[in-house]
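The values are calculated or read from the model by the stated rules, or taken from the named source; none is laboratory data. Note that the coordinates shown come from a computational prediction; the quantities given were computed from them, not determined experimentally. Don't worry about glycine lacking a Cβ; one is built from the backbone with ideal geometry, like all the others, and counts go over all protein chains shown. Ligands, DNA and RNA are excluded from the accessible area calculation, which covers all protein heavy atoms including side chains. Shrake-Rupley method; radii C 1.70, N 1.55, O 1.52, S 1.80 Å.
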Amino acid sequence: MADDDSIDIARDMIVRSSKISALTGAGISVDSGIPDFRSEGGLWERYDPHEYATYDSFIRDPSKFWTMGRELAKVLLKAKPNPAHFALATLEERGKLIGVITQNIDNLHQVAGNKRVIELHGNYQRAFCMSCNKEFYGDEIHRRVAEGEIPPICDSCGGVIKSRTILFGEPLPESAMSEAIEICRSTDLMLVIGTSLTVYPAAYLPQLAKNSGAKVILINLDGTNKDGVADVVLKGHASKILTRLV
Ligand code: APR
């Protein structure tokens, strides 16, 4: 667990900062009951991402992704924000946070109250037909998938419906990445929370913020290979640490 001195140093940085940003990963939502990807028992232990979560694998066989999606939706649909999400919403309410950049697709930052949320990897609540581009809402698609329609088929043209979550090998939403870079350039303190920092380009962002003069606080259960970028590393549960900090 993070020692009291590091918590005090981190808290002091938060008090002194007025343009705080957050970069979050699956670890911030583990305390909401959503498994992360690379920890013990994580999603990629049960589903090989090369087979279930790449753009090419989806084109080859969309039922693989939707089989995994069916299991994930059960957890995502009932997940609620935890104290870590609410702590970031509090920082925004206090006018200290300029935005949350998230790799998560679970919508929990928005539910917790954050207004400026940049979703680098999309959101599970939206989907579209790959043939006619018709938009669909997550709830409808997840209901149809839960009832066994795998893959879900467009009712207008019979095309395959794809979630708006970004798969490996799929380009990130242009606007999301440019907005994230703009935040990294203007933030004075980046809180990096619950991410193994193994997937690019998201994993570049703490270094980019640092190069732009920001301080970096890393809050994570395990070590990452980017701990060296941080000014302060706080090991432990994000919900507990952020509650103490904020
Ligand atoms: N509090 C803080 N950190 C936690 C907690 C917790 N309660 N639980 C787990 N963690 C940490 C783990 O130690 C791990 O380092 O969160 C990190 C989660 O890492 P990953 O599972 O790799 O998730 P993430 O970094 O978000 O993955 C990035 O990879 O699979 C793709 O698109 C997917 O967005 C995802 C991206």
Residue identified as out of contact with any Ser or Thr (no Cβ under 8 Å at 6 or more places or on another chain), open to solvent by 10 Å² or more (accessible area, probe 1.4 Å) and either free of Cβ contacts under 8 Å to residues at least 12 places away in the same chain or assigned to a loop (DSSP other than H, G, I, E, B) (or both) among S196, S178
S178
Scan of segment 186-224 for residues that are within 10 Å of the ligand (Cβ to nearest atom) and small (G, A, S), ordered by number:
G194, S196, A202, A203, G223
Look at S63 and say whether it is hydroxyl-bearing (S, T, Y) and assigned to a helix (DSSP H, G or I).
yes
Note on segment 1-47: residues within 19 Å of G69 (Cα to Cα), assigned to a loop (DSSP other than H, G, I, E, B) and of a type in the set (A, V, I, L, M) are I34
Enumeration of residues in segment 92-124 that are basic (K, R) and in contact (Cβ under 8 Å) with a residue 60 or more places away in the chain:
K96
Give me the pairs: first residue in segment 25-42 and β-branched (V, I, T), second residue assigned to a helix (DSSP H, G or I), beta-carbon distance under 6 Å, and six or more apart or on different chains, which are they?
I28/A84; I28/A238; I34/V75
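Per-residue answers, yes or no, for (1) at pLDDT below 95; (2) within 15 Å of the chain's Cα centre (by Cα):
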site	(1), (2)
P171	yes, no
A176	no, yes
C184	no, no
L191	no, yes
L197	no, yes
L221	no, no
A238	no, yes
V246	yes, no
Only one residue in A26, A22 is open to solvent by less than 10 Å² (accessible area, probe 1.4 Å) and either under 30 Å from A214 (Cα atoms) or small (G, A, S) (or both). Which one?
A22
Checking G169 against (1) within 24 Å of A112 (Cβ to Cβ); (2) within 12 Å of the ligand (Cβ to nearest atom): exactly one of these is not met. Which one?
(1)
Which of the residues spanning segment 34-57 are small (G, A, S) and either away from the ligand (no atom under 11 Å from the Cβ) or over 19 Å from the mean Cα position of the chain (by Cα) (or both)?
S57
For segment 66-135, which fully contained strands (runs of 3 or more DSSP E) count at least 2 residues that are of a type outside the set (F, W, Y) and open to solvent by 10 Å² or more (accessible area, probe 1.4 Å)?
97-102, 117-119
Do we have L245 as more than 8 Å from the ligand (Cβ to nearest atom) and either crowded, with 21+ Cβ neighbours inside 10 Å or among the hydrophobic types (A, V, I, L, M, F, W, C) (or both) here?
yes
Subset of segment 199-211 (residues that are surrounded by 17 or more Cβ atoms within 10 Å (Cβ to Cβ) and either at pLDDT below 95 or within 30 Å of Y137 (Cβ to Cβ) (or both)):
A202, L205
